[in-house]
Amino acid sequence: MRALQLTDPGVVEIRQVPIPSVGPTEVLIKVGAAGICHSDLHLLHFPVKMREEPLTLGHEIAGTVAAVGSQVAGIADGDRGVVYLCWSCGVCRECVSGNENVCEAAGRTAMPPCPGLGPDGGMADYVVVPARAFVPIGDLDVTQAAPIADAGLTSMHAIAGVREHLRPGGTVVVIGVGGLGHVAVQILKAISPVRVVAVDVGAGQLQLAADCGADAALESGPDTAAEILAMTGGRGADVVLDFVGVDATAQMSVAAVAPNGAYRMIGLGGGTPGVTAEPAGGPGWPWGASVRKSYGGTRSDLIDVIELAKAGKVTVATEEFPLREARAALDHLEAGKIRGRAVLVP
C-alpha cells in the first residue's frame, strides 16, 4: 500500500509499504480520508527523528473496516467510522472515569499513544488500530468525519470543560478561526445560548467565522482586548478559547477574560499569558478566573460532535487533496492558505 511517511526531519515521501497485519484486538481500516493538522507540521519540523523506522503520519482518520481481529466483537467488515486518537489503556482510574485523554499509563505527559505521532497513522491506504478506538459514523461523509477526529474532538472537549459558563447573555471569545476554531464556533452556537465573538486576522478568516455563525468577528490586534471589554460592559468574556496560543493571543486572553471566567489554552504556539500572583483590580489576571491547558478529548466528546455533524449542525470547511499531493497540502497549511481543514483522500 501507499503511505505518507516521515523519513527524516523535514522529509516526507509517499512510500510503498506492506498492508499491516491485524492483531486479535485490532481492526484494519481502509482509509477514506485523513485530515491534516498543525501537529503534523510540528512533526515535520521536529529536529530529530521520531523513531528509527519511517513514521506514517495522520491522526485524523475516517474509513471502512476491512478486517477484524479474532477477539473483536461488535465491529464487522464494511462498518464506517473514525479513529479515536487517544489510544489509552482503558483500565486505569482516569480511563474508567471517562478521561481517556489523560490516561495514567501515559505518565506526567498525559498524552496516550496517538496514531501518526508514535504508532503509524492514517495518511495511507490502510491503517490498523485498536478496536476500542473505532467509533461509528453512520452515513456521515468520510471527508467530514476525518477532521472531526481531532478538530471536532479537541474543540468539543474544551467547550465541554466550560459548560457552567455557557449561560444566556454570556459571551465566549474564540481566538483563531482555523481548523479547530471554526468548528468551535459552530459547536457553541449549536449547544448554547451565548454570544460568540471570533478573533482572527484577515477578511477571509473573519468571513469564515461569520459563515459559521459567529455573532461578531474582530480583527486581532493590540486593541482587541479593549474591544471585547467594551462589548461586555467592561467586565470581560465569560470564556476565552485560544486556538492559537502565541504570546499575543495568550496575553489578549488574560486581558479579556472576566472575573470568575474561564481561559482555555488549546493552541500550541508556546505563548506566555503572564498570569501572576498579585492583587487583581487592573488589567491583569482577574479574581476567580480559571486557566486550563486542554488536550484532545474523550470518546464521549467525539461521539457528541459526530452527532452534531450528522444532524447538520457542524460542517467542517475542507479542502481536499489526493494522497500523492500530500506535501503540497502541508505546504499550503504552513503558508496559511487553507480555509478550514485540509483533507487527504487516498
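The values are calculated or read from the model by the stated rules, or taken from the named source; none is laboratory data. What you are looking at is a predicted structure, and each value in this text was computed from that prediction instead of being measured. Don't worry about glycine lacking a Cβ; one is built from the backbone with ideal geometry, like all the others, and counts go over all protein chains shown.
So here's what we get for this one:
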{"read-out": "Answer residue from segment 48-59, given it is modelled with pLDDT of 90 or more and more than 21 Å from D150 (Cα to Cα) and is nearest to the chain's Cα centre (by Cα) among those", "value": "P54"}
{"read-out": "V22, sole failed condition from (1) more than 29 Å from F243 (Cβ to Cβ); (2) modelled with pLDDT under 95; (3) hydrophobic (A, V, I, L, M, F, W, C)", "value": "(2)"}
{"read-out": "Flag for V257 being under 21 Å from V162 (Cβ atoms), surrounded by fewer than 20 Cβ atoms within 10 Å (Cβ to Cβ) and either touching a residue at least 12 places away in the same chain (Cβ under 8 Å) or within 25 Å of the chain's Cα centre (by Cα) (or both)", "value": "no"}
{"read-out": "Among the candidates A311, A289, A262, A255, residue that is in contact with a helix residue (DSSP H, G or I) (Cβ under 9 Å, 6 or more places away or on another chain) and in the same structural domain as V96 (by TED's automatic domain parsing)", "value": "A311"}
{"read-out": "Meets criteria (of a type outside the set (D, E, K, R), surrounded by fewer than 23 Cβ atoms within 10 Å (Cβ to Cβ) and out of contact with any His (no Cβ under 8 Å at 6 or more places or on another chain)) for G202", "value": "yes"}
{"read-out": "Hits in segment 298-346 - residues which are among the small types (G, A, S), in a helix (DSSP H, G or I) and in contact (Cβ under 8 Å) with a residue 60 or more places away in the chain", "value": "S300, A309, A326, A329"}
{"read-out": "Any hit, segment 222-230, residues being touching a residue at least 40 places away in the same chain (Cβ under 8 Å) and polar (S, T, N, Q)", "value": "no"}
{"read-out": "Out of M111, M156, M123, sole residue that is closer than 25 Å to V31 by Cβ and either in contact with a Ser or Thr (Cβ under 8 Å, 6 or more places away or on another chain) or in the same structural domain as A256 (by TED's automatic domain parsing) (or both)", "value": "M123"}
{"read-out": "Failed item in (1) under 17 Å from D150 (Cβ atoms); (2) crowded, with 19+ Cβ neighbours inside 10 Å, with E319 passing the rest", "value": "(2)"}
{"read-out": "Test result for G176, small (G, A, S) and either modelled with pLDDT under 95 or not assigned by TED's automatic domain parsing to the domain that holds E26 (or both)", "value": "yes"}
